[in-house]
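The block underneath contains the structure these notes are about, expressed in C-alpha cells.
Quick note: the coordinates plus some simple rules give every number you see, no bench work behind them. It should be emphasised that the depicted structure is a prediction, and the values quoted were computed from it without experimental measurement. Cβ coordinates were reconstructed from backbone atoms using ideal geometry, including for glycine residues, and neighbour counts include every protein chain displayed.
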Amino acid sequence: MSTTPTGPWGPVRWAENGAVRLAFDALTEGAESEPLLLATGLGANRHWVPDGLCRMLAAEGFAVARYDQRDGGESTHLPPTAARGPISALLRGRGEAYTAEDMTDDAVAVLDALGWRSAHLLGVSLGGAVVQRVALRHPDRVRTLTTMAAVPGDVAGLRAARYIRKRTLARFARLRFPDTREGAVEAGVAVSRLLASPHRPFDERAAREAAERNADSGVHDQQAQSRQIGAQWHGPAIGAVDLPTLVLHGADDPLIKPRAAKEIASRIPHARLVLLPGVGHDLPEPSWARVTAEVRGLADGWRPAGGRGPRQDVSDTGL
C-alpha cells in the first residue's frame, strides 16, 4: 500500500493546529480541479495511499492532497501516556493526550493551509472516522464524505470494539520490530500481510518493495497508535450528517467487520454502501477503478448553494 514520497507529489508543506504541526502535500496533476483531501489510518503515514489510486482520482477531475495525522508520519508526535498499546487504549475508553475533536480540527487546518474553503473528503480506517467527524463538526467545509474501512465515528471504547476483529488486533499487538529502518521495512511487510484479503494471494515481493520505498515506523509505534485510538469524540451522533455520503468497505476486511460499514450507512441518511469484493483492510490495485468511479459519482451528485442533488438510498454489495 505504500508509495514513494517523491514523483508526482509537490513539496511537503505544513499546517498548524495550536502546537501541532501537520505535514501534507498535494498531487501535481489536476491541481486546478475539485479539491479532495485524503485522511489516512492508525499509525500510518500519508504515503500508504497508493500513488496509482491518487492519479486515477486526478484523472477524474480531483485535485488530490493528503496529510499525516498527528502522531503519524512527519506530523507532531505527542508525549507518552499511560496506555501502552492500541488494545489497552481501546478498552480504557478514554483518551489522555488529545480528543477526537482535536484530530478533526487538524483536517480543517490542512484545508486552511491548502486555501480550500471546502473539499471532498476521503478517509480510510481511522481516517474514515475522522472525516465522519469533520462532516459533523465542520459541515460547511465538506462537499462530499467518503468513509472507507472505518467504524462509526461516534463510537469508542467497548462500543467500537464490537466492530473490530480481536484476533487480528491481538496479532498487531504482538508485532515487535527494532526501531530502525530495517525494522520499519519488516513491520510494513507484516502489517500488509495482516491487512490483506485472506482470499487473495499475498504478494510478499510487492509488499517488500513498497515497504522499502516507504519505511514507516508508525505502523509499529504502539504508543503513538494508542494515543490516536484513545482520542474520544464528544460531539453529535453520525445520524446528524447531512451530506452526500459514500461508505466503502472491503468484503474480506480482516480487521474491521463489514457490519461497521452497514451500521454507518444505515445511520447516515441516504448514504450509499459499497462492499468491495476481494478487498481486505487495504487498497489493492484491482479496487482502484471502482473506488475512483464511486467517489466521482458521489461528487457528480453534489450541488453547491442551490441545494444538493438526489442521493441514492442504495446498498450495493459490488458482488
Once you place label points 7 Å from the Cα toward the Cβ at GLN232 and GLU16, how far apart are they in nm?
3.0 nm
Taking H placed 1.01 Å from N in the peptide plane, check which residues at least 5 places from ALA251 or on another chain put their amide H under 5 Å from its amide H.
LEU276, GLY278, VAL279
HN-Hα J in Hz across segment 100-105 - Karplus 6.51, -1.76, 1.60, θ = phi - 60°, x for Gly and Pro
5, 4, 4, 5, 5, 5
Counting other beta carbons within 10 Å of each residue's own, what order do ASP106, ASP252 fall into, fewest first?
ASP252, ASP106
Footprinting exposure proxy for MET103, MET56 (fewest neighbouring C-beta atoms within 10 Å first)
MET56, MET103
Would you mind telling me which residue in PHE177, PHE62, PHE24 has the biggest mean-square fluctuation in a Gaussian network model of the chain, where springs connect alpha carbons within a distance under 10 angstrom?
PHE177
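What does the C-alpha gyration tensor say about the overall shape of segment 13-316? Classify as rounded when a/c is under 1.5, otherwise prolate if a/b is larger than b/c, or oblate.
Values: a/c = 1.31, a/b = 1.25, b/c = 1.05.
Verdict is rounded for segment 13-316.
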With a 10 Å cut-off between alpha carbons and a GNM built on the chain, which of VAL191, VAL131, VAL247 moves the most?
VAL191
May I ask you to evaluate 6.51 cos²θ - 1.76 cosθ + 1.60, the Karplus curve with θ = phi - 60°, for each residue of segment 49-57 and list the ³J(HN,Hα) values in order in whole Hz, giving x for glycine and proline?
6, x, 4, x, 5, 4, 5, 4, 4
Given the Cα-Cα distance of LEU78 and LYS257 and 0.36 nm per residue of separation, how much length would full extension add, in nm?
61.5 nm
Tabulate in residue order the Karplus-calculated ³J(HN,Hα) for segment 155-162, using 6.51 cos²θ - 1.76 cosθ + 1.60 with θ = phi - 60°, rounded to whole Hz; enter x for Gly and Pro.
10, 7, x, 5, 5, 6, 4, 5
Proxy reagent accessibility, fewest Cβ within 10 Å first, across HIS234, HIS47
HIS234, HIS47
